[in-house]
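Student: Okay, here's the structure, questions in a sec.
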Amino acid sequence: LAHEGKAIKVGVIGLGAGTLAAYGDPDDTSRFYDINPAVPRIAREHFTYLGDSSAKIEIVLGDARLNLEREPVQGFDVLAVDAFSGDSIPVHLITLEAVGAYLRHMKPSGVIAFHVSNRFLDLKPVLLAIAEQHGLEYAFVHETSDDGSTTSDWVLLTRHKPLLLRPEIAAATEPVAPQPGWRLWTDAYNNLLQVWRH
């Protein structure tokens, strides 16, 4: 996504099966954060993405945000936040302060990619408000598989507008209606009822 042909460093919050490791090239680093110590074992025993990846794989156990707040600057080209697909979401990963913590680890041209595919919750306006508060560029990207069977929704936040103007991203970008009546999500305030899909 960030630099074709150059080594990139990717952070991923939420290991899952390790699918995103499949995109790594030999010079790349993929650093996964997961709170559940059973997940890396399951990912290695039942899936092949981590073992088959050409990239250097790093796994950090524990709460991702706390680890990122403690760690030295990682210099990510991409930080994928993939922790919101269930009906119980870790709200502390999607607040004004959380995005501030992520930004500390990003290269100037890097992108924070939030996976927001969720049957129950519409998190896009929450991230739009957070992006505006941080002065970030924002894009909602909706992808559909070639056969139309699956879709994937991502919100991209970056300081580097040219990234969002790339033809393959611009073509998949859809508008998001701001919600000016909503309070900004912070560590002290969030409202899941606002984002519940009716």
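The values are calculated or read from the model by the stated rules, or taken from the named source; none is laboratory data. None of these values were measured; they are calculated from a predicted model. Ideal geometry is used to build each Cβ from the backbone, glycine not excepted, and the neighbour counts take in all protein chains shown. These accessible areas exclude ligands, DNA and RNA; they are computed on the full protein's heavy atoms, side chains included. Shrake-Rupley method; radii C 1.70, N 1.55, O 1.52, S 1.80 Å.
Student: Pairs of alpha-carbon atoms within less than 8 angstrom and 6+ residues apart define the contacts here; what relative contact order does the chain have, in percent?
Tutor: This gives 18 percent for the chain.
Student: With every protein chain left in place and a probe of 1.4 Å, what is the accessible surface of Trp182, to the nearest 10 Å²?
Tutor: Counting only protein heavy atoms, the figure is 70 Å².
Student: Same structure, new question: Measure off, as a whole percent, the carbon and sulfur share of the 1.4 Å-probe accessible area of the chain, all protein chains present.
Tutor: Ligands and nucleic acids excluded, carbon and sulfur reach 53 percent.
Student: What's the long-distance tail for the chain, i.e. % of Cα pairs beyond 21 Å?
Tutor: So the portion of pairs separated by more than 21 Å is 52 percent.
Student: Moving to a separate point now. Between rounded, prolate and oblate, where does region 114-179 land on the alpha carbon gyration tensor, with a ≥ b ≥ c its root eigenvalues, rounded for a/c under 1.5, else prolate if a/b exceeds b/c?
Tutor: Because a/c hits 1.5 or more and a/b fails to exceed b/c, region 114-179 counts as oblate.
Student: Next up: Of all GluC sites (Glu not before Pro) in region 2-74, which ones are in loop regions per DSSP and have a Cβ with at most 15 other Cβ atoms within 10 Å?
Tutor: In loop regions of region 2-74 (DSSP not H, G, I, E or B), the sparsely surrounded GluC sites (Glu not before Pro) are Glu4.
Student: Applying the Karplus parametrisation 6.51 cos²θ - 1.76 cosθ + 1.60 with θ = phi - 60° to the phi angles of region 36-41, what ³J(HN,Hα) value in whole Hz is obtained for each residue in order, glycine and proline being reported as x?
Tutor: After applying 6.51 cos²θ - 1.76 cosθ + 1.60, I find 9, x, 6, 5, x, 5 Hz.
Student: Tabulate in residue order the Karplus-calculated ³J(HN,Hα) for region 164-174, using 6.51 cos²θ - 1.76 cosθ + 1.60 with θ = phi - 60°, rounded to whole Hz; enter x for Gly and Pro.
Tutor: Listing the rounded values in order: 6, 8, 4, x, 5, 7, 4, 5, 9, 7, 10 Hz.
Student: When DSSP assigns beta bridges and you keep just the ones with both residues in the chain, what percent turn out antiparallel, to the nearest 5?
Tutor: Counting only bridges with both partners in the chain, antiparallel ones make up about 45 percent.
Student: If the chain between Thr173 and Asp25 were fully stretched, how many nm would it gain, using 0.36 nm times the residue separation less the Cα-Cα distance?
Tutor: Extra length available between Thr173 and Asp25 comes to 50.6 nm.
Student: Which of the lysines could a cross-linker bridge to Lys6, judged by Cα under 30 Å and excluding same-chain residues fewer than eight apart?
Tutor: Reachable lysines: Lys56, Lys107, Lys161.
Student: While we're on this one: Near the amide H of Ala83, under 5 Å away, which other amide H atoms are found, from residues 5 or more places off or on another chain, if H is placed in the peptide plane?
Tutor: It is His115, by chain and number.
Student: With every protein chain left in place, what is the accessible area of Thr29 in Å² (1.4 Å probe, nearest 10)?
Tutor: 30
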